[in-house]
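The values are calculated or read from the model by the stated rules, or taken from the named source; none is laboratory data. Quick caveat, the model's predicted, so the values are computed rather than measured. As a convention, Cβ positions derive from the backbone with ideal geometry for all residues, glycine included, and neighbour counts pool all protein chains shown.
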Amino acid sequence: MIDFLDVAGTRVGPGYPCFIIAEIGINHNGDLALAKQLIDVAVEAGCDAVKFQKRTPEICVPKEQQSLERDTPWGRITYLEYRHKVEFGREEYEAIDAHCRQRGILWTASCWDEPSLAFIEQFAPAFHKIASPVLTNDALLRAHVATGRPLVVSTGMSTLAEIDHAAEVLGDASPWMFLHCTSSYPARAEEINLRMMDTLRQRFGRPVGYSGHEVGLQISLAAVARGADALERHITLDRAMWGSDQAASVEPGGLQRLVRDGRIIEAALGDGVKQVYASEVPMRAKLRWQPTTG
């Protein structure tokens, strides 16, 4: 049982503000200037953290897909070449680290392989994010646990048996939490199943959140209303931009509304203890029915 995760001094769990992660992912399209713009968008909206993705293409791209060609902003190139185009190296991540420190926002990256994890570890992120596709990679899960950092783990495209197994690998003592997720882009409302957050919370006795890939804000706000301890959404400057994740992402104005309305919902949820508020006292004195006497 872990009541909360300590993420660089911020408590993530029931009774604390929802931890909002702006997923930049690869929506920067390999452009550092665009990545910095997206960081600024997250800061201005009031997000708690931004997240990127880190892969070693030769490890993560299946052999049979590496030579397949596709049309990209860099022309028609192989899928392996494309994966390299959208990967940042040391110079870019040093700049990202410096920019996030300057803007006062946490950052991390979901690492899809062990060399990528070792690379990101050099920057001492406040937490690690584990992406849904690698939930069943036991060696990678154990490598994440070995860092000793808080782990935020997505559960898209997974069976309950696979989630149970991941929980066993992660172990009872390490600081981790699951994010409910549906890994389709964009996800359909009838396939979101927000009640799975309740299932995960009851099953594992840990904080639970939601990672959304839907269009719009309603479902993410509903997740906050259902008590999501963390919320992750992809962000973009323009949903019409080139890239596989852009259409299921939130634009700057939408992100501002999401954070604003999420905080209002949190405030409205309260603590469940009935009380007469100070603002009600005058109305109570004026309007409360009293039995007549005499």
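Against the definition (free of Cβ contacts under 8 Å to residues at least 24 places away in the same chain and under 20 Å from the mean Cα position of the chain (by Cα)), how does G46 come out, yes or no? No, not satisfied. When each of A166, A126, A173 is tested for being among the aliphatic types (A, V, I, L, M) and closer than 18 Å to A22 by Cα, the lone residue that passes is A126. Residues of segment 92-115 that are among the small types (G, A, S), surrounded by fewer than 21 Cβ atoms within 10 Å (Cβ to Cβ) and either closer than 26 Å to T182 by Cβ or free of Cβ contacts under 8 Å to residues at least 60 places away in the same chain (or both): A98 alone. Among the residues of segment 168-198, those that are in contact (Cβ under 8 Å) with a residue 12 or more places away in the chain, farther than 23 Å from L255 by Cα and in a helix (DSSP H, G or I) comprise V169, L170, M196, D198. Taking segment 214-294 as the region of interest, none of the helices (runs of 4 or more DSSP H) fully inside it holds 3 or more residues being in contact with a Pro (Cβ under 7 Å, 6 or more places away or on another chain) and modelled with pLDDT under 95. A search for C-beta distances below 6 Å between a residue of segment 133-159 that is over 19 Å from I192 (Cβ atoms) and surrounded by fewer than 16 Cβ atoms within 10 Å (Cβ to Cβ) and any residue that is modelled with pLDDT of 95 or more and among the hydrophobic types (A, V, I, L, M, F, W, C), counting only pairs 6+ apart in sequence or on different chains, returns D138/V169.
Which condition number does R76 fail, the rest of (1) surrounded by 14 or more Cβ atoms within 10 Å (Cβ to Cβ); (2) more than 30 Å from E44 (Cβ to Cβ); (3) basic (K, R) being met? Here R76 meets the rest and fails (1). Please list, ordered by residue number, the strands (runs of 3 or more DSSP E) wholly in segment 1-54 having 2 or more residues that are more than 27 Å from Q202 (Cα to Cα). Counting at least 2 such residues, we get 19-25, 49-54. Of the residues making up segment 40-77, those that are β-branched (V, I, T) and more than 28 Å from H99 (Cβ to Cβ) are V61, I77.
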